[in-house]
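Heads up, the thing below is written out as structure tokens.
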Amino acid sequence: MFKFQKTALFVGWVAIACSSTAAQQGWKPKLLSRADEARWIQTIKMHKASDGATVAEVLSYVEHMRPRQFKVSEISIGYNGATGEPDTVSISYWIGRKRSADDAFVDLGYNMTRDGKIKAVSEEATTLKALEQGRESFLREIDSICKMTCHSEPNEKPRC
């Protein structure tokens, strides 16, 4: 069964939006309480995809079907780089066998309201839209990402 790692503060890619003024003023995230953090993450894990599976079930299915190509790294809270407000639940994952922290993909993120409700998913969020559609759609998306990332040149050795 799919196991989620303990939640860790994830500020990395969200902080990119931080303005230089905010950085000079000592930007600090407005941390959620542990209970709210757990509630936000649980909301995402239990969120239903179009095929009726929960997000946790979709992720688990793809990990099971593609154990060498896909692995969830962590699910964590993201903070707005300009305001410090919590605004995202991020799902970071690895493609391929290289699984260091620097190799994790961070393009899966559910935007959240301050009270922990999921906002509408953007049409541009291709990987997240595939996850929203369910197990088979997300599996196809991961296969596509793996092909582009690891096997972009047919005559070269796979990169991951």
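Model label points for Ala35 and Asp115, set 7 angstrom from Cα along the Cα-to-Cβ axis, are 1.7 nm apart.
Highest mean packing first, where packing is the average number of other Cβ atoms within 10 Å per residue, the peptides 116-125, 70-79 line up as 70-79, 116-125.
When each of the peptides 28-34, 83-89 is scored by the mean number of other C-beta atoms lying within 10 Å of its residues, the order from highest to lowest reads 83-89, 28-34. Expressed as a whole percent, the proportion of Cα-Cα pairs in region 52-160 lying more than 23 Å apart is 30%. Centre-to-centre separation between the Cα atoms of region 116-134 and those of region 77-93: 15 Å.
Which FRET efficiency value, to the nearest 0.05, is calculated for His47 and Glu153 with the Förster distance at 45 angstrom and r the Cβ-Cβ distance? With R0 = 45 Å, the Cβ-Cβ based efficiency is 0.75.
Each value in this text was obtained by applying a stated rule to the coordinates, not by laboratory testing. Small disclaimer: the values here were computed from a predicted structure and weren't measured. Heads up, the Cβs are rebuilt from the backbone with ideal geometry, glycines too, and the neighbour counts pull from every protein chain shown.
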